[in-house]
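FYI, it's all coordinate maths here, none of it is from the lab. These figures come from a predicted structure and were not determined experimentally. Note: ideal-geometry Cβ built from the backbone for every residue, glycine included; neighbour counts use all protein chains shown.
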Amino acid sequence: MAAPMELYCWASGWGLPTVDPDCLTVLTYARFTGAPLKVHKITNPWRSPSGTLPALRTKDEGILSDTHQIITHLRKQKFNADYDLSARQGADTLAFVSLLQKKLLPVLIHTFWGDAKNYVEHTRKWYAEAIPFPLNFFLPSRMQKQQLERLQVVCGENYLDSEEELEKELYREACECLTLLSQRLGRQKFFFGDSPASLDAFVFSHLAPLLKAKLPNGKLQHHLKSLQNLCNYCTAILSLYFPWDEGDPPPVVPKAAAGDGSESEEEPYKRRNQILSVLVGLAAMVGYAFLSGIISVQRQAPSQLRPRAITLEEEEEEEEE
Amino acid sequence: MGTVHARSLEPLPVSGPDFGALGEEAELIEVEPEAKQEILENKNVVVQHVHFDGLERTKDDIIMYEICDVFKAKNLIDVMRKSHEAREKLLRLGIFRQVEVLIDTCQGDDALPNGLDVTFEVMELRRLTGSYNTMVGNNEGSMVLGLKLPNIFGRAEKVTFQFSYGTKETSYGLSFFKPQPGHFERNVSLNLYKVTGQFPWSSLRETDRGISTEINFPILKTNHALKWEGVWRELGCLARTASFSVREESGHSLKSSVSHAMVVDSRKSSILPRQGALLKINQELAGYTGGNVSFLKEDFEVQLNRPFLWDSVFSASLWGGMLVPIGDKPSSIADRFYLGGPTSVRGFNMYSIGPQSEGDYLGGEAYWAGGLHLYTPLPFRPGHGGFGDLFRTHFFLNAGNLCNLNYGEGPKAHLRKLAECIRWSYGAGIVLRLGNIARLELNYCIPMGVQSGDRICDGIQFGAGIRFL
Amino acid sequence: MSLAAEAFVTQIAAAEPWPGNAALYQPLKEEQILLSDNAACLAVQAFLQMCSLPVQLVHRANAEYMSPSGKVPFIHVGNQVVSELGPIVQFVKAKGHSLSDGLDEVQKAEMKAYMELVNNKLLTAELYLQWCDDATVQEITHPRYGSPYPWPLNHILAYQKQWEVRRKMKAIGWGCKSFDQVLEDVDQCCQALSQRLGTQLYFFNKKPTELDALVFGHLFTILTTQLISDELSEKVKSYSNLISFCRRIEQHYFEGRAKDATFRLSLIS
């Protein structure tokens, strides 16, 4: 390809190549098909060309930000993971993807964004540390709002009426769905035999976050862990297709990984954040001492941030494949 | 020349008929002891000028109407009384925070020897006033935010906005009020509102969004109000367990109605009257001006009060109403009448009389209710002349009935239907007057004529209300 | 579909037998009902027919607001009210009638997956067509949706509903789709259904399941409803086994009922 397509997705964390299920779907599909992508793992959605993640910059179709659209586009570029499937299997793929979206996605959203304990101790913690200052003060809560809205749309209007009952029902359905998937997978390596297809990308990206994240409140995790074939399936995909992300002890912000060091961008962010917080603290103290008001102090802080951020930009965008 | 300070007249009673306490006033008038003091009382005087201090945005013409009587005064007492009435009228407009009256002899070149100048020192209300309240009730807390723009165009017009933000419901109302200059009782108002109500006795939730215009005018001793109202009503079930009859009423409807109300009230106090009578007639015709709700609704209320032995008061009241649906659509649950509760037929639960389905009361198309009361001061009259006067004990006998009529049957059958299965109760209790708008009652009730399906409150019943039987 | 409703149903559904006075409530047939609602109502009717449970059809202008979940249709059985196909299937199952008992676990998984596919693609496409396609909105949806109400309530309610649906569409990523993309989705879905059905009588061999009822409800409605353009029905018509599937269910379960034109498939092809 003359100019490879560029994929923007969330940075890695929790032992996963990317923390967001949608990004993970796209990334996994790309790995399955071997599509040459220039991957930008970023922690600031505002730097994505569409403002959301994932986003694919293509040559002829502009910027795509919907998971299905991206996959369709890749398929059109002859990177088709479903090439060997029969028509009947193609139909099953569509059906099971719908099932995942209806039964598993709500509970995934609920686990990561809806459950207050998980959100505060796990999800928000990661995003707040990863997203650069000062966006980290409001982006996580805005994302939560969007996700909950999505949950409400999927679950219907009665969402707020009886949250407890709904939660029970959500988890019951998700457990049922996991069991169904486990039965459907059986002893196969992938859902349709020995080679991965697009359904595998969807299933994997919905299961892996549940499996890998260290959630304080992991009701569904226990159930998933009891389904051995699904767990093996996830770990196999992780080790086969994401060799340098796999097996990491999953710290919330992973240490600089081995290999080509493509995921090392968190490190300077962290250091910079530390420096920044000290600077902001100092500035606040000085400002207070001179009774010059807080506004002027805050204005100063981002202006120091900007030149640094620009210099860092070049380092952190590593090419993959 | 002596200066009479009329400001000392301030503690005058508000209402007209009690104005006769002039003896008291005279003592309050402070007359400067001067050697050349004249007796002005019987002398003819002429009011030459009326001055206003402190007018900012109020237009002159509306003031003229209120004070023109002052010029007609012939002697000092008259001047004082007329200025006083003018002051009351000005205050009633609701545009001044304070009005003071100064009467002085005329100064200047054209001053007549018996000329007087009257000066009104007024202080206008601010352009925007706000209020903030919190309310708790019905398992719900709410915050009420009010904004008022008094005298917005300078002729006592008023715009009010009220917003109530509750834990469950949000309501708001915007209204514009304009009186006719010189006739405050003749006024026009325009309202825009959204009100949400929950009616647990019917498992019903109602959201009304409406617009209404109202014209008020007096004819002789009666007050009339003509009103058009267009309201979009949304009904819904309060709970999943609501009965199917209530469920069937769910949905949207548009009511456009014209109504007329007439009130004759000769009572002094509306909460604990000692004498006088009240007659209220209300009629509403919906459907001919649009909307998809058609009915004719008639409603009346009569109350008579007679002083009785030892400061006690005997009171009798009667309510009644009828709703006739027009066309083939049955009446809506939101339009029908409800009866029962601590301020109507006591001894029954709130609106828990009459037709019901699975415990949800559906209301009726016709009702009547009557009450006989004997109000007495508290036994041994503690706090007499002060706090104790807010309380009364009362003995009551209430009766009423609520049912649906089959309008094909004729009036005799209707009367028979209203006369059978009468609910009645008696008891005694204590009444507390809250200002001049509401009252609290703590009663011991003995319900007697109870029909199956009614929910009774046998024994102690507590209630608060503005309208009461 | 309301999940809370399902939970409720499973709790309360008693083992009482099916009463004779059970009623199915849906919007007014001639002047009010919309494509997606008609599909949902027809699916429930077909399901109850397949279970041979008698219900009386009741048409109400306010059916949408009477329904506990805000969606039509709903059944009133005894003193219980249950709305939408999913909860109704569970409710009926609790009463001892089920169409999917004979399936094994994998088939059940597939049945659920295909039902979600239909809801995901066909139902959403119907909603898209009737609320997001401007020509359809102006000519069909608004006049029909507002038909039971006087001016200006008809416009207010239609716009309110339109706003609500469009917001949902945006949340699930359909807001920026073009009509052609939606048609492509429908085609994809029909293709999948056609593949799955193959030459079988019903989706799972000889016996109908709730999936058959759902597919019939949607496809039959799309095929028989007169819209501004027939692009949607043309997509379905290109799959002959789906057409004969619809005709089969119609003849088998709706024969003798409603001889009116909307129920005739013979007009097609």
Legend entry - Per-q log10 I(q)/I(0), the stretch C:3-94, q = 0.12, 0.15, 0.16 Å⁻¹ (Debye; single scatterer per alpha-carbon; no solvent): -0.32, -0.50, -0.57
Legend entry - Sequence-separation-based contact order of the stretch C:105-267, relative, with Cα cut under 8 Å and 6+ spacing, percent: 24
Inset, instruction - Using θ = phi - 60° and the Karplus relation 6.51 cos²θ - 1.76 cosθ + 1.60, list the HN-Hα couplings for the stretch A:46-60 in order, rounded to whole Hz, with x at every Gly or Pro. - result: 5, 8, 6, x, 9, x, 10, 10, x, 9, 10, 8, 10, 6, 9
Legend entry - Rel. contact order, % - alpha carbon contacts under 8 angstrom, at least six apart, chain B: 8
Inset, instruction - List, in order, the whole-Hz ³J(HN,Hα) value for each residue of the stretch A:87-104 obtained from phi through the Karplus relation with A = 6.51, B = -1.76, C = 1.60 and θ = phi - 60°; use x for Gly and Pro. - result: 4, 4, 5, x, 5, 4, 4, 4, 5, 6, 5, 4, 4, 4, 5, 7, 9, 9
Legend entry - Ascending count of other beta-carbon atoms within 10 Å, so fewest first, for B:Val70, C:Val55: C:Val55, B:Val70
Inset, instruction - Could you pull the Rg and Dmax for chain B, using just the Cα atoms, both in Å? - result: 27.0, 89
Legend entry - Exposure proxy ranking, count of Cβ atoms within 10 Å, fewest first, for B:Asp458, A:Asp115: B:Asp458, A:Asp115
Legend entry - the stretch A:5-246, dipole about Cα centre (Lys/Arg Cβ +1, Asp/Glu Cβ -1), debye to the nearest 20: 620
Legend entry - Only Lys, Arg (+1) and Asp, Glu (-1) charged, at Cβ; the protein assembly as shown dipole about Cα centre in debye: 1640
Inset, instruction - Would you mind putting A:59-69, B:238-248, A:201-211 in packing order, based on average other-beta-carbon counts within 10 Å, highest first? - result: A:201-211, B:238-248, A:59-69
Legend entry - Average beta carbon contacts from partner chains per residue of A:59-72, 10 Å cutoff: 1
Inset, instruction - Enumerate the lysines that C:Lys95 could reach by cross-link, defined here as Cα to Cα under 30 Å, with residues fewer than 8 away along the same chain left out. - result: A:Lys102, A:Lys103, A:Lys168, C:Lys29, C:Lys71, C:Lys108, C:Lys112, C:Lys206, C:Lys207
Inset, instruction - Show me A:272-278, B:175-181, A:105-111 ranked by packing, highest mean number of other Cβ atoms within 10 Å first. - result: A:105-111, B:175-181, A:272-278
Inset, instruction - Would you calculate a helix-derived [θ] at 222 nm for chain C, using -39,500 (n - 2.57) for each DSSP H run of n ≥ 4 and dividing by the full residue count, to the nearest 500? - result: -16000 deg cm²/dmol
Inset, instruction - Provide the packing ranking of C:219-227, B:228-236, i.e. peptides ordered by the mean count of other C-beta atoms within 10 Å per residue, highest first. - result: C:219-227, B:228-236
Inset, instruction - Step through the residues of the stretch C:114-119 one at a time and calculate ³J(HN,Hα) from phi using the Karplus curve (6.51 cos²θ - 1.76 cosθ + 1.60, θ = phi - 60°), rounding each to whole Hz and writing x for Gly and Pro. - result: 5, 5, 5, 4, 5, 5
Inset, instruction - Can you grab the distance from the C-alpha centre of the stretch A:132-211 to the C-alpha centre of the stretch C:155-203, Å, no decimals? - result: 21
Inset, instruction - Of the options B:Ser270, B:Gln303, B:Trp201, report the single residue whose Cα projects farthest towards the positive end of the charge dipole of chain B (beta-carbon charges: Lys, Arg +1; Asp, Glu -1). - result: B:Trp201
Legend entry - Radius ratio Rg over Rh of the stretch A:5-246, counting only Cα atoms, Kirkwood formula for Rh: 0.94
Inset, instruction - Among A:Met143, B:Asn151, B:Leu76, flag the residue with its Cα farthest along the positive direction of the charge dipole of the protein assembly as shown, charges on Cβ as +1 for Lys/Arg and -1 for Asp/Glu. - result: A:Met143
Legend entry - Residues listed by number, the stretch B:145-168, amide nitrogen under 16 Å from B:Thr134 label point at 7 Å toward C-beta: B:145-146, B:164-168
Inset, instruction - Mind pulling the per residue volume of the convex hull built on the Cα atoms of the stretch C:54-180? Å³ is fine. - result: 144
Inset, instruction - State, to one decimal in nm², a quarter of the convex hull surface area for the C-alpha atoms of the protein assembly as shown, i.e. the direction-averaged projected area. - result: 59.4
Inset, instruction - Take the Cα pairs of the stretch B:349-432, get the Kirkwood Rh, then feed it into Stokes-Einstein at 10 °C and 1.306 mPa s and tell me D in µm²/s. - result: 102
Legend entry - Residues with amide H under 5 Å from that of C:Val58, placed H, sequence gap 5 or more: C:Leu24, C:Tyr25, C:Gln26
Inset, instruction - Within 10 Å of each residue's Cβ, count the other Cβ atoms and sort B:Cys106, C:Cys41 from fewest upward. - result: B:Cys106, C:Cys41
Legend entry - About the Cα centre, charge dipole magnitude for the stretch C:105-267 (Lys/Arg +1, Asp/Glu -1 at Cβ), debye: 420
Inset, instruction - May I ask what percent, to the nearest 5, of DSSP beta bridges between residues of the protein assembly as shown are antiparallel? - result: 90
Inset, instruction - Grab the DSSP H runs of chain B that are 4 residues or longer, score each as -39,500 (n - 2.57), total them, divide by all residues and round the 222 nm result to the nearest 500 deg cm²/dmol. - result: -3000 deg cm²/dmol
Inset, instruction - Please compute the Cα-Cα pair-distance distribution of chain C with 10 Å bins starting at 0, giving whole percents from short to long. - result: 6, 30, 37, 23, 4, 0
Inset, instruction - Be a star and scan the stretch A:180-198 for residues whose amide nitrogen sits under 17 Å from the point 7 Å along the Cα-to-Cβ vector of A:Ala236. - result: A:181-198
Inset, instruction - Per residue of C:169-180, count partner chain C-beta atoms within 10 Å of its C-beta, then hand back the mean as an integer. - result: 2
Inset, instruction - Could you estimate the translational diffusion coefficient of the stretch A:72-195 from the Stokes-Einstein equation, with Rh from the Kirkwood formula over C-alpha pairs, at 10 °C and 1.306 mPa s, in whole µm²/s? - result: 93
Inset, instruction - Compute the distance in nm between two label points, each set 7 Å from the Cα along the Cα-to-Cβ direction, one at A:Ile63 and one at B:Glu121. - result: 7.0
Legend entry - Subset of B:Lys268/B:Lys297; B:Lys168/B:Lys194; A:Lys117/C:Lys170 violating a 25 Å alpha-carbon distance limit: B:Lys268/B:Lys297; A:Lys117/C:Lys170
Inset, instruction - Evaluate peptide C:49-62: per residue, the Cβ atoms of other protein chains within 10 Å of its Cβ; return the mean as an integer. - result: 1
